[in-house]
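The block underneath contains the structure these notes are about, expressed in structure tokens.
The values are calculated or read from the model by the stated rules, or taken from the named source; none is laboratory data. In this text the structure is predicted, and so the values were computed from the model without any measurement. Reconstructed Cβ throughout: ideal geometry from the backbone, glycine too, with neighbour counts over all protein chains shown. We work out accessible area using only protein heavy atoms, side chains counted, and drop any ligands, DNA or RNA first. Shrake-Rupley method; radii C 1.70, N 1.55, O 1.52, S 1.80 Å.
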Amino acid sequence: MTRILLVEDETAIADAVLYALRAEGYDTRHSLLGLNALEQLRSGDYGLVVLDVGLPDITGFDVCRELRTFSTIPVIFLTARDGEFDRVLGLELGADDYMAKPFSPRELVARVRARLRRSQVAESAWRETGRFRHDPAGQRIQYDHAELMLTRYEYRLLAALLARPGAIFSRERLMDDIWRDANDTDDRTVDTHIKTLRAKLRGIDAATDPIQTHRGLGYSLKA
Ligand code: CA
């Protein structure tokens, strides 16, 4: 899927970018506002977002943070000045790349092409495990062919279980493997995430629970 959403409130920049992307054959839509962009992105029809940081309603960072709760598509930020962009924040939010204004639209097109190529390679790398399909490169998991909208830790948790169906993972081991870089965890972190994960799986099939609880031992994925 190569439809691109450009979120940019400065019309001169937007026009130049739209022209460059469309000249390359990319079906490119344009949004001036962050909230409207999120609404469009929820449709799932887009393969990449070019996202201005300074928008009139909410910031590009806010858009990215919200986007990451339901999508893993590549995000390229546009930022006013090189020094302004907070790389760490951008990366934490799941940005794939950024360009400082003024930039060459041709350079942007080159980066868009590179990102799309990467996500298309990832597209073909699905591993099937029972009713699950896992794309490790794209960090996506499908259940009965429906894409699960997972948070970072839900994803890591399910990916760990999927790696060895039937194997029991203790809470301690899951904490060590998955939350090693987190600092706001407590005794209930694993259980809480199992709960939200189960709720998402139930949203697709309410009748079965593929995650098994082993009292005093931990969790496994039913083999
Ligand atoms: Ca702006």
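What whole-number value in Å² describes the accessible area per residue of the range 65-185 for a 1.4 Å probe?
On a per-residue basis, 55 Å².
Counting pairs of Cα atoms in the range 132-223, how many percent are more than 23 Å apart? Spell out each step's value before the answer.
Numbers: 720 of 4186 pairs.
Here the tail beyond 23 Å accounts for 17 percent of pairs.
Provide, in order from the shortest bin, the percent of all Cα-Cα pairs of the chain in each 10 Å bin, continuing until the bin that contains the maximum pair distance.
7, 30, 30, 20, 10, 2, 0
Let's see if you can work this out: charge +1 on each Lys and Arg Cβ, -1 on each Asp and Glu Cβ, no other charges. What is the dipole magnitude of the range 3-158 about its Cα centre, in debye to the nearest 20?
On the way: 21 positive and 25 negative charges, 129 e Å.
Approximately 620 debye in magnitude.
I want to verify a result. In a Gaussian network model of the chain, Cα cutoff 10 Å, which of these has the top mean-square fluctuation: MET149, MET175, MET99?
Its mean-square fluctuation being the largest, the pick is MET175.
What percentage of the solvent-accessible surface of the range 1-98, computed with a 1.4 Å probe over protein heavy atoms, is contributed by carbon and sulfur atoms? Walk me through the intermediate numbers first.
Numbers: 2370 of 4580 Å².
That share works out to 52 percent.
On C-alpha positions alone, give me the angle between the axis of helix 11-23 and the longest principal axis of the chain, in degrees, nearest 10.
Between the helix axis and the principal axis of the chain, the angle is about 70 degrees.
Find how many whole Å separate the alpha carbon centroid of the range 1-32 from the alpha carbon centroid of the range 163-185.
Measuring centre to centre over Cα atoms gives 41 Å.
Run the reach check for LYS195 against aspartates and glutamates, Cα to Cα strictly under 12 Å, same-chain hits fewer than 8 apart removed. What comes back?
LYS195 reaches GLU154, ASP209.
Kindly provide the pair-distance distribution of the range 32-76 built from C-alpha pairs, with 10 Å bins from 0 and whole-percent values in order of increasing distance.
Distribution as computed: 30, 64, 7 percent.
What does the charge dipole of the range 71-184 about its Cα centre add up to, to the nearest 20 debye, if the Cβ of each Lys and Arg holds +1 and the Cβ of each Asp and Glu holds -1?
With only Lys, Arg, Asp and Glu charged at Cβ, the dipole is about 400 debye.
Grab the DSSP H runs of the chain that are 4 residues or longer, score each as -39,500 (n - 2.57), total them, divide by all residues and round the 222 nm result to the nearest 500 deg cm²/dmol. If you can, show how the numbers build up before the last one.
On the way: 8 runs with 88 residues, N = 223.
Value at 222 nm, helices only: -12000 deg cm²/dmol.
Among THR129, VAL7, THR79, which residue has its Cα furthest toward the positive end of the charge dipole of the range 6-144, with +1 on Lys/Arg Cβ and -1 on Asp/Glu Cβ?
Positive-most Cα among the choices belongs to THR129.
So what are the three principal axis dimensions of the range 20-112 from its Cα atoms, in whole Å, longest to shortest?
32, 30, 23
Over the chain, calculate the relative contact order: mean separation of alpha carbon pairs under 8 Å at least 6 apart, over the residue count, as a percent.
Relative CO of the chain lands at 14 percent.
Which of the listed residues, TYR98, LEU108, GLY44, is farthest toward the dipole's positive end in the chain, when Lys, Arg count +1 and Asp, Glu count -1 at the beta-carbon?
With unit charges placed on the Cβ atoms, the residue in question is GLY44.
Going by Cα centres, the range 188-223 and the range 59-113 are how many Å apart?
34 Å
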